[in-house]
Amino acid sequence: MQSVDSILPKKVRIDDVIREVRSYLENPDLELIRRGYVFAMKHHEGQWRKSGAPYVDHPVATSYLLARMRLDAVTITTGLLHDTVEDCATVDSEMVKELFGEEIASLVEGVTKIGQMQFSSLEHQQAENFKKILMATARDVRVILIKLADRLHNMFTLEYVAREKRERIARETMEIYVPLAHRLGMQWVKTALEDLSFRFLNPRAYYDLVLRLSRGRKEREKYIEEVLALLKDLLGQHNIQGEISGRLKSIHSIYRKMQAQNLEFEEVMDIIAFRIILASVAECYEMLGLIHSLWKPIPGRFKDYVALPKANMYQSLHTTVIGLKGERMEVQLRTQEMHRVAMFGIAAHWRYKEGAATDKDGQKFDWLRQLMEWHRETEDPRAFLAGLKTDLFSDEVYVFTPKGDVLAFPKGATPVDFAYRIHTQVGGSCVGAKANGRMVPLRYEMQSGDRMEILTRKDQKPSRDWLQFVKTSTAKQKIRAYLKEEETERSLAAGHTILEKELSRYKLSMGKLEKAGDLLRIAQKYNYHAVDAMLAAIGYGKLSVKYVLQELVEPEKLEAGPVESAIDRLLKPLKRKKSESIKIQGIDDVLFRMAKCCSPVPGEAIVGFVTRGRGITVHTADCAIAATLDDERRVEVEWGEGGGQKTVATTIAVLAQDRAGILAAITSAIGSLEINIHEIHSTNLEDNNAEIHFVLEIKNIQQLQKMLAEIGKIKGVQSARRLRG
Ligand code: MN
């Protein structure tokens, strides 16, 4: 019987690792692996496992398991180092980077990150956790593979861990790591993790099965030999080369079958699976036909995973036939390549690709790119990682908090979204952010796997600009709520000033009136519950100060007095009928101000917003900021006849090849339309491209559009667009 314990020698030595690596890698970087080993030895010195073994046994065993997964030297070395940063006071990330390079350092960091993740409610969030692990590490799948090897070795030594912890770890393994290994197509890893977890979660059932299986062992071996001989004959008769084996299914899979079909152990018929590995797909089908002609197939048990691979890319033909003694006999047929994929999953694919590649520097590879490429190549939706596909291209990103928790955000979410998710206070006072230790702008789009950190300052306040780029509704709501409150405060102060000023014209004291209760009476008359609410309404422009005055001043005096205040003059346009829009006569109209965020150009569609104390601000109709403004303040505006007499400073961005003469071509196109150029800035990009910004004096939208079209025609120009804000 093939026990899970046969996977790992009792004590693994670095030579075992190296022997294993040599068996599948042609020119492995053994020097690197040895250096990793010496480093781990040195820094784990004096540390011990719960089993009493030196700590370094664990990283060595982990790297051995990675070698059994047939991974590259970099991954094997990372296996040796994977616990040094977290567990050795003498080691930090920088040191690993210096000694072993960026790639290994970032793999170690990834493994450490996963180790810090918390899986709080396993039962309910299993799928969610999956996604989180996968997404957080999607940059380099090797991180997951190292974590799998790490967990696998920990499962082998779980008996030394305290009982409650033991159960928690076994459950987590069963619920998270087993499905993960399955999804990555790594069959032997999955089976091993599963049997080990089962052993700790249900020791009675596990050892009961072990006992029952050992009882029938002799008979079973004899039976296997008989069938193997028959199959061998069959191959020989038809001159087909093939490798035949018969093996006991895993303990947990037998147990699962008993549970699912409510069977006693004796009733489980197919505890043995026969496997034939053949040279070609055609031979697989041929052999299948031969088996079916010799033994009667059980209807409904034939599965063609060759034509329809499983989601993890597993391929094989499965059939169950009625054997010699009337027993059920399961046979799996596959090619050598299918077998490799079945055993090594994602790792097998990578190795296959590497073998085909001409790149001599075969140690270096980028898992994610491989994955992505693979997705692009395969149009078969059932192909490997089909399930992952949706995850990889999902609309969510997963990022880490400084504590290592994983948070999900919609794609495109920014540090501000992150900050608001942590706490409203943090959101409101964030001034900067770091992603993976590097400063990023607040409008940075977070990437899966980023470790985010928010910098705050007490006197920072939420900005209206943030509404332009935040993606989560919580952040939006909280920013709006803050702005509204701030606005109320400002309106209150403004209302106070306005009323006090107007009252003083009539020699009235606001303080006295308030004490006498006059202001509250007036407020209530106009349906405001408090004086402050009325003042805010005055400041905001909802209530004309005139209505307050007429309650306090005799009509004759009021008539005679200074009739119109500046505020009332300003509000006049608002009182016009809705259908009637305000015409902008000239750019410099006192009442109008062009919004800086979108700098409207005469002739294009615009909207106006009343801004207290600043008249009306004009935005373009499609301006993102305008879309966030209060609808109550919106007024219809249009360009008047005077519009367009002056020019508007407008910035455009041109993406072009960085070649001689291109700048001259663009400037002459601009000049030919009699447009003045204020400024030019050029930024060199990758691939010999440059982004050039021009600040121009534009007369109207037609002129702007015509110019952009002209620039677009220039050879070497990829795009020309107007820049906002
Ligand atoms: Mn470890």
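Oblate is the label for the stretch 1-115. Its Cα gyration tensor axes, ordered a ≥ b ≥ c, give a/c of at least 1.5 and b/c at or above a/b. Once the other residues with Cβ under 9 Å from the Cβ of Leu704 are scored (Lys, Arg +1; Asp, Glu -1), what is the net sum? Here the count lands on +2. Each residue of the stretch 74-88 was assigned a 3J(HN,Hα) from its phi angle through the Karplus expression (A = 6.51, B = -1.76, C = 1.60, θ = phi - 60°), giving 4, 5, 4, 5, 4, x, 5, 9, 4, 9, 5, 5, 6, 9, 10 Hz with x at Gly and Pro. In plain terms, the chain from Ala649 to Ile224 could stretch by 144.4 nm, reckoned as 0.36 nm per residue minus the Cα-Cα distance. Put a plus charge on the Cβ of each Lys and Arg, a minus charge on the Cβ of each Asp and Glu, and nothing anywhere else: the dipole of the stretch 144-189 about its Cα centre is then about 60 debye. Proximity of backbone amide H atoms, modeled 1.01 Å from N, is registered between Thr611 and Ile616, Thr617 at under 5 Å, excluding neighbours fewer than 5 places apart on the same chain. Taking trypsin sites (Lys or Arg not before Pro) across the stretch 440-521, the ones in a DSSP loop with at most 16 further Cβ atoms lying within 10 angstrom of their Cβ are Arg443, Arg457, Lys458, Lys507.
Extension gain, Leu552-Glu500: 0.36 nm per intervening residue step, less the Cα-Cα distance, totals 17.4 nm.
Estimated from the Cβ-Cβ distance and a Förster radius of 56 angstrom, the FRET efficiency linking Ala605 and Ser3 is about 0.15. Counting charges near Thr650 (Lys, Arg +1; Asp, Glu -1) among other residues having Cβ under 9 Å from its Cβ returns a value of 0. Classified by the C-alpha gyration tensor, the stretch 1-41 has an oblate form. Its axis ratio a/c, with a ≥ b ≥ c, is 1.5 or above, and a/b does not exceed b/c. For the pair Ala481 and Glu94 in one chain, pulling the backbone fully straight at 0.36 nm per residue adds 135.0 nm over the alpha carbon distance. The label-point distance for Arg34 and Ala621, in a model that sets each label 7 Å from Cα toward Cβ, rounds to 7.5 nm.
Read-outs: derived from the displayed coordinates by stated rules, not from any lab. Nothing here was measured: the structure is a model prediction, and the numbers come from that model. Cβ atoms come from the backbone with ideal geometry, glycine included; neighbour counts cover every protein chain shown.
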